[in-house]
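Participant: A single structure is presented below for examination.
The values are calculated or read from the model by the stated rules, or taken from the named source; none is laboratory data. If you're wondering where the values come from, they're calculated on a predicted model, not measured in any experiment. All Cβ positions, glycine included, derive from the backbone under ideal geometry; neighbour counts span all protein chains shown. Quick note on the areas: whole protein, heavy atoms, side chains included, nothing else; ligands and nucleic acids left out. Shrake-Rupley method; radii C 1.70, N 1.55, O 1.52, S 1.80 Å.
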Amino acid sequence: MTATGKKGRRKPPLGIVTRPGSSLRNKTGPWGILRPVFDWEKCTGCNTCESICPEGCIRHLEKKQYEADMEYCKGCGMCAETCPADAITMEEEHR
Amino acid sequence: MSAPKFAYETTRGFLPGHRACAGCGQAAAVRVIMEVVGPKAVAANATGCLEVFSTPHPESAWGIPWIHSLFENQAAVASGIEAALKKQGKLDGVKVLAFGGDGATLDIGFGALSGMFERGHDVLYVCMDNEAYMNTGVQRSGSTPFAASTTTSPAGRMSFGEDRPKKDLPAIAAAHGIPYVATASMSLFADLRRKVKKAVGTRGPKYVQVHVPCPPGWGYDEKLSMEVGRLAVECGLYPLVEWENGKVTRVRKIKKVPVEEYLKGQRRFRHLFRTEEGKAQIARIQELADESIERYGLVG
């Protein structure tokens, strides 16, 4: 059974529906006190940091250059700990 | 410092802004899985950490159609989605996924899961195995390993923690004779990626169990998630095995490390290192690891 909303649009009969990707408005950046600093000289471009980031906020800019989006980075430090080339260090963030 | 602004396409399977703890292994695993599966998918999710942190009302971190109904019926809901798409002739190229935590899979939703396997629905079931009910505050589940301390199996003078070994659900799933069953670990993400790719390319019911470290539940520093998960595999307590049509087809060989290496970094096992009786339990855990190493031929 499908209920009809105000403007005649079909609405699901039960439950709560939200837009895909609407969590982007929740900036999780201020959660952390550390931030990753990338040393592009040491980077080998292995893509490990981008693959393992739980937030998905590390981006591959170009060859051997990565950057983290500080609007979402929670500062867990998994990227720095796992980086095979030790090209990432965690530094305290001053706001 | 100027924060770089990135554009995030909402067609990406799993987006930032979710409320997972810092260093969450599960969030990392879901990202790897959704990258492989792609945007043309439908997911049913059980109650659990994943459901709670990815969809706090009124937001959703998913870029695909996603549904949460109850704790126990994610396999049944996914079966229904698959059957409906099939009837409408829309199943071609659409991947139906079901996500559940270890509590939802091994304990609560086990009947529905078994039914999904037996009816042969074309669904990929992913179990996020963090070895307890982490969402509600670390209660023991069927997946909690031997001697782990949880809030419902606390270690103390009268107890050394959980007294039953982990339930071997992958072997039970394989016993259904389904086309593909695999265990994976979030720490070995290339291996996880390959297994998910293989699973989505197979027709019929598939089961992938992913070991996902949990910093607050297991009690280790959040930056060590990858290391802890890797040690669980390397010591033999979490064998990475693939079954096809009920037969073991591939195992990941390990460099055998003593189980102490894995246990010592975690708060849920720290009581074992304090007493003589605890040492005896460590020896028993080593026996369990040796047993699985022997059963699957993990060394050599």
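Participant: For peptide A:22-33, compute the average count of partner chain beta-carbon atoms within 10 Å of each residue's beta-carbon.
Facilitator: That works out to 5 on average.
Participant: Now a separate question. As a check on your grasp of the helix formula, calculate [θ] at 222 nm for the protein assembly as shown: sum -39500 (n - 2.57) over DSSP H runs of n ≥ 4, divide by the residue count, round to the nearest 500.
Facilitator: Dividing the helical sum by the residues of the protein assembly as shown leaves -8000 deg cm²/dmol.
Participant: Restricting to Cα pairs below 8 Å that are 6+ residues apart, what does the relative contact order work out to for the stretch B:126-220? Please round to a whole percent.
Facilitator: Relative contact order for the stretch B:126-220 comes out at 29 percent.
Participant: Filter the cross-link list B:90/B:223; B:167/B:253; B:167/B:256; A:63/B:247; B:167/B:279; B:40/B:166 down to pairs whose alpha-carbon distance in this structure exceeds 32 Å.
Facilitator: As for pairs spanning more than 32 Å Cα to Cα, those are B:90/B:223; A:63/B:247; B:40/B:166.
Participant: Once a ≥ b ≥ c are taken as the square roots of the eigenvalues of the Cα gyration tensor of the stretch B:32-108, is the result rounded (a/c under 1.5), prolate (a/b larger than b/c) or oblate (a/b not larger than b/c)?
Facilitator: oblate
Participant: Then there's this: Assuming 0.36 nm per residue, please report the length gained on full extension of the stretch residue B:84 to residue B:57 beyond their Cα-Cα distance.
Facilitator: Answer, rounded to one decimal: 7.0 nm.
Participant: Can you order the peptides B:20-26, B:278-284, B:57-63, B:166-172 by their average number of other Cβ atoms within 10 Å per residue, highest first?
Facilitator: So the order, starting with the most tightly packed, is B:20-26, B:57-63, B:166-172, B:278-284.
Participant: Here's something else I'd like to know. Considering the Cα trace of the stretch B:7-296, what is its radius of gyration and what is Dmax, both in angstroms?
Facilitator: When restricted to the Cα atoms of the stretch B:7-296, Rg and Dmax are 18.5, 63 Å.
Participant: Does the stretch B:215-300 come out rounded, prolate or oblate by the C-alpha gyration tensor, with a ≥ b ≥ c the root eigenvalues, rounded set by a/c under 1.5 and, if not, prolate when a/b is larger than b/c and oblate if not?
Facilitator: Note, shape of the stretch B:215-300 comes out oblate.
Participant: Read phi for every residue in the stretch B:207-220 and hand back ³J(HN,Hα) as whole Hz from Karplus 6.51 cos²θ - 1.76 cosθ + 1.60, θ = phi - 60°, with x for Gly and Pro.
Facilitator: The phi angles translate into 10, 10, 10, 10, 7, 10, x, 10, x, x, x, 8, x, 9 Hz.
Participant: Estimate the FRET efficiency between residue B:299 and residue B:171 by the formula 1/(1 + (r/R0)^6), using the beta-carbon distance for r and 30 Å for R0, to the nearest 0.05.
Facilitator: 0.95
Participant: Could you state the accessible area per residue of the protein assembly as shown in Å², with a 1.4 Å probe and every protein chain left in place?
Facilitator: Heavy-atom accessible area per residue stands at 46 Å².
Participant: Going by the alpha-carbon gyration tensor, a ≥ b ≥ c the square roots of its eigenvalues, is the protein assembly as shown rounded (a/c under 1.5) or, if a/c is not under 1.5, prolate (a/b greater than b/c) versus oblate?
Facilitator: Note, shape of the protein assembly as shown comes out oblate.
Participant: Using the Cβ atoms and a cut-off under 11 Å, what net charge is assigned to the surroundings of residue B:148, where Lys and Arg are +1 and Asp and Glu are -1?
Facilitator: Overall, the nearby charge balance is +3.
Participant: Same structure again: So which GluC sites (Glu not before Pro) in the stretch A:21-79 are both in a DSSP loop and have at most 13 other Cβ atoms within 10 Å of their Cβ?
Facilitator: Here the sparse-neighbourhood loop sites are A:41.
Participant: Using only alpha carbon pairs under 8 Å that are at least six residues apart, calculate the relative contact order of the stretch B:7-296 and give it in whole percent.
Facilitator: Relative contact order of the stretch B:7-296: 16 percent.
Participant: Next question. Run the simple label-point estimate for residue B:94 and residue B:275 please: 7 Å along Cα→C-beta, distance reported in nm.
Facilitator: Placing both labels 7 Å beyond Cα along the Cβ direction yields 5.6 nm.
Participant: Sticking with this one: In nanometres, what is the gap between the two model label sites at residue B:257 and residue A:63, each 7 Å from Cα along Cα-to-Cβ?
Facilitator: If labels sit at residue B:257 and residue A:63, their model points lie 3.5 nm apart.
Participant: Which of B:219, B:103, B:236 moves the most in a Gaussian network model of chain B with Cα springs under 10 Å?
Facilitator: Per the Cα network of chain B with a 10 Å cutoff, B:219 tops the list.
Participant: In whole angstrom, note down how far apart the Cα centers of the stretch A:35-52 and the stretch B:142-157 are.
Facilitator: Cα centres, the stretch A:35-52 to the stretch B:142-157: 37 Å.
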